[in-house]
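Structure first, commentary second.
The values are calculated or read from the model by the stated rules, or taken from the named source; none is laboratory data. Just so it is clear, the model here is predicted, and its values are computed rather than measured. When we count neighbours, we look across all protein chains shown, and the Cβ atoms used for this are built from the backbone with ideal geometry, even at glycine. Surface areas here come from the heavy atoms of the whole protein model, side chains and all, with no ligands, DNA or RNA. Shrake-Rupley method; radii C 1.70, N 1.55, O 1.52, S 1.80 Å.
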Amino acid sequence: MNTQAVPDVSGEFDFSDAQFKVIAQLAYENFGLDLQPAKRSLVYSRLTRRLRALRLPNFKSYLDLLTGPDGAAEQSEMLSALTTNVTHFFREKHHFDQFRDLILPEAIKSARNGGRVRFWSAGCSAGQEPYSIAMCVLEACPDAARYDIRILATDVDPVILARAKAGLYLSEERDSLPADHKDRMTIAADRPGEFTLVPEVKNLVQFGLLNLVKEWPVRGPFQAIFCRNVAIYFDKLTQARLWSRFAPLLETEGMLFIGHSERISGPAISLFNSTGITSYRRNAQKAEMTSKTEISR
Ligand SMILES: C[S@@+](CC[C@H](N)C(=O)[O-])C[C@H]1O[C@@H](n2cnc3c(N)ncnc32)[C@H](O)[C@@H]1O
């Protein structure tokens, strides 16, 4: 964490250097968020909304709440306020093309022969990413439900995860789907102006709450991991740790897809081979296969 002087911001509530530092420390320890001093104005403006919503008189009361016995729920709200959930169906389409061409043929062959196939959308936000993966799977394997194929979709934010599970989206979003997917994989929702995915798509996805900087109660190996536009909030050290933790969870030929402005850095570079823009294959010689059992770190 950077400890340089914090630029002053003034406004409706007093917000001292010390208070900013406590929040930055909490956000770093609990969620890996890298809140440099330059982010102070953003932190102030995002969190004053929380103060108003909670009718708190000042940042001291807010810090008391965050660090008190019921702090966990508000820490999660704080993370939500400080990060974005922006996502959409088939975001960075080239990743889904690679997934379809380089991963799915073997994975489906394995599933048809009784194999276990797992994909992970880590930091899934409102669900468009895992449902896009599911649509690719169904397109390549219309009878996927008969096989042991699952998409694990996790996020640290319980509110966004509940939205992902519900899988309700505004009709405009449907326009971003390929034409045949629109027809075959979506249905109108009960509420006008909304749509949802057909049960065959939804049933392939399992959602779970998971903080990427804490323990991971997941069981590999995964044939592909999508962790996109999440590590962007982390500092270099946390990012490097994250990439290193993914490698042993991937199957020998497994792939990792990361966000458009993210790069694999640090010692983790040797664990992967680049296969294109922000996509990587596990370097089987370097990454140890420890994923047959549940991992603790
Ligand atoms: C910008 S969205 C990315 C969604 C999707 N992966 C995509 O690329 O479209 C970032 C997501 O990361 C989640 N996130 C942030 N910090 C996290 C952490 N420590 N562990 C797990 N998820 C986290 C946020 O809750 C948010 O839903």
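Quick notes
- Boolean, Gln206 is buried (at least 19 other Cβ atoms within 10 Å of the Cβ) and under 18 Å from the mean Cα position of the chain (by Cα): no
Here's the yes/no breakdown for (1) at negative phi; (2) of a type in the set (Gly, Ala, Ser):
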| position | (1), (2) |
| --- | --- |
| Phe59 | yes, no |
| Ser76 | yes, yes |
| Asn85 | yes, no |
| Val117 | yes, no |
| Trp120 | yes, no |
| Gly127 | no, yes |
| Ala140 | yes, yes |
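- Some residue of the range 212-223 being among the small types (Gly, Ala, Ser) and within 12 Å of the ligand (Cβ to nearest atom): no
- Residues that are of a type in the set (D, E, K, R) and outside the structural domain of Thr196 (by TED's automatic domain parsing) number at least 3 in the following helices (runs of 4 or more DSSP H) confined to the range 23-92: 40-53.
- Filtered residue count, the range 191-211, keeping only those that are within 15 Å of the ligand (Cβ to nearest atom) and not polar (S, T, N, Q): 5
- Restricting attention to the range 78-90 and to residues that are in contact (Cβ under 8 Å) with a residue 60 or more places away in the chain and open to solvent by 40 Å² or more (accessible area, probe 1.4 Å), the residue that is farthest from the ligand (Cβ to nearest atom) turns out to be His88.
- Against the numbered list (1) assigned by TED's automatic domain parsing to the domain that holds Phe222; (2) surrounded by fewer than 23 Cβ atoms within 10 Å (Cβ to Cβ); (3) on the phi > 0 side of the Ramachandran plot, Gln98 comes up short only at (3).
- On the stretch given as the range 16-34, residues that are at pLDDT below 95, away from the ligand (no atom under 15 Å from the Cβ) and touching a helix residue (DSSP H, G or I) at 6+ places or on another chain (Cβ under 6 Å) total 0.
- Options Phe257, Phe246: the member that is open to solvent by less than 10 Å² (accessible area, probe 1.4 Å), part of a helix (DSSP H, G or I) and within 15 Å of the ligand (Cβ to nearest atom): Phe246
- Only residues that are in a loop (DSSP other than H, G, I, E, B) and open to solvent by 10 Å² or more (accessible area, probe 1.4 Å) were counted across the range 126-145, and they come to 2.
- Looking across the range 91-108, the residues that are in contact (Cβ under 8 Å) with a residue 60 or more places away in the chain and of a type outside the set (Val, Ile, Thr) come down to Arg91, Glu92, His94, His95, Gln98, Phe99, Leu102, Glu106, Ala107.
- Test: residue in the range 223-243 that is within 30 Å of Pro37 (Cα to Cα), among the basic types (Lys, Arg) and either out of contact with any Gly (no Cβ under 9 Å at 6 or more places or on another chain) or open to solvent by less than 40 Å² (accessible area, probe 1.4 Å) (or both): yes
- In the set Ala111, Ala126, only one residue is under 29 Å from Asn211 (Cβ atoms) and either in the same structural domain as Cys227 (by TED's automatic domain parsing) or without any contact (Cβ under 8 Å) to a residue 12 or more places away in the chain (or both); that residue is Ala126.
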